[in-house]
Amino acid sequence: DPLAVLRVSPEGELSHIPFIDIIFNQAMVPLTSLTDLPQPNISLSPDLPGTWTWISPETLRFEFDQGSTLPQATDFTVTIPANMTSVTGETLDDPYSWTFSTPPLKLAQTHPGGTQRLDPLFFVAFDQPIDTEAIFSQMLVTAGRKRIVVRLATETEIDADSQVKQLVENGRSSHQLVFRAEQTLPADTQITVAFPAG
């Protein structure tokens, strides 16, 4: 049979992706030399620090260097070039590509709720690690139709609020955002905190 990609993993959207596997229908490397082989010319977009390793003559695996699972909220594309060659000299007829996704960021917990004082600390926790500066810069806080200027809360301010302090201590700092308004909030007005999609 001509050289072909027999199976790839992962596919679709999965919550936990520890590695990427490519299985060919032919041996691609000799069984006696699976280690210390040059990295294959396979494209992973976006690019990640990691290593491609032959775990059998037919199976190639990518392992991420910076964690036990691939980054979340990301669409990945893997492309295998047509010049991949088996041990018998066969090559792919065409490049082979596929895409998969890790889950988008989701809110896991918020505080406060209901009627609150006019200078509260806002606590937001997500289901995965966040880039605090990126999230904060895109976040929109409004009182009615008026935009509210906010800033990140200091450790002193968090320590002074027993509820928020407990939320912070019970969660994971890499998943959290704590902030407050620059000025006292207007009374009898609904406060909305919005995060952009994606």
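Only the coordinates and a few stated rules stand behind these numbers; no lab work does. Keep in mind that this is a model prediction, so the values were computed, not measured. Ideal geometry is used to build each Cβ from the backbone, glycine not excepted, and the neighbour counts take in all protein chains shown.
Structural remarks
- The alpha-carbon positions of the range 30-94 define a convex hull whose volume is 99 Å³ per residue.
- Low-density loop cleavage sites - trypsin sites (Lys or Arg not before Pro) in the range 118-198, where at most 15 other Cβ are within 10 Å (DSSP): R145, R172
- G50 long-range amide H proximity, modeled H, under 5 Å: D65
- Computed from backbone phi, the HN-Hα couplings of the range 14-30 come to 10, 7, 9, 10, x, 6, 10, 10, 10, 10, 9, 8, 9, 5, 9, 9, x Hz, rounded to whole numbers (Karplus: 6.51 cos²θ - 1.76 cosθ + 1.60, θ = phi - 60°; Gly and Pro given as x).
- Computed about the Cα centre, the dipole magnitude for the chain is approximately 900 debye when only Lys and Arg (+1) and Asp and Glu (-1) carry charge, each at its Cβ.
- Semi-axes of the equivalent ellipsoid for the chain, Cα gyration tensor, largest first, Å: 50, 16, 12
- Taken as Cα centroids, the range 75-102 and the range 146-190 sit 48 Å apart, rounded to the nearest whole angstrom.
- Dipole magnitude for the range 42-154: computed about the Cα centre from +1 point charges on Lys and Arg Cβ and -1 point charges on Asp and Glu Cβ, it is near 1100 debye.
- Taking a ≥ b ≥ c as the square roots of the eigenvalues of the Cα gyration tensor, the range 129-198 is oblate, since a/c reaches 1.5 or more and a/b is not larger than b/c.
- One equal scatterer on each Cα of the range 63-135, no solvent, Debye formula: the resulting log10 I(q)/I(0) at q = 0.11, 0.18, 0.21, 0.26 Å⁻¹ is -0.55, -0.90, -1.02, -1.20.
- Distances between placed amide hydrogens fall under 5 Å for L3 paired with T91, all partners being 5 or more residues away or on another chain.
- Amide hydrogen proximity for A108: with H placed 1.01 Å from N in the peptide plane, the residues at 5 or more positions away or on another chain lying under 5 Å are A125, F126, D127.
- Toward the positive end of the charge dipole of the chain, with +1 on the Cβ of Lys and Arg and -1 on the Cβ of Asp and Glu, the farthest Cα among I22, A73, A134 is that of A134.
- Whole-Hz ³J(HN,Hα) from phi, Karplus 6.51 cos²θ - 1.76 cosθ + 1.60, for the range 76-88, glycine and proline x: 10, 10, 10, 10, 9, x, 5, 8, 4, 10, 7, 5, 8
- Note that the range 184-189 has calculated 3J(HN,Hα) couplings of 4, 6, x, 6, 6, 10 Hz, one per residue in order, obtained from phi through the Karplus relation 6.51 cos²θ - 1.76 cosθ + 1.60 (θ = phi - 60°); glycine and proline are x.
- Measuring nothing but how far apart in sequence close Cα pairs (under 8 Å, 6+ apart) lie, relative to its length, the chain scores a relative contact order of 18 percent.
- Charge context of V29, other residues only, Cβ under 14 angstrom, K/R +1, D/E -1: -2
- Dipole moment magnitude, nearest 20 debye, the range 1-85 about Cα centre, only Lys, Arg, Asp, Glu C-beta charged: 120 debye
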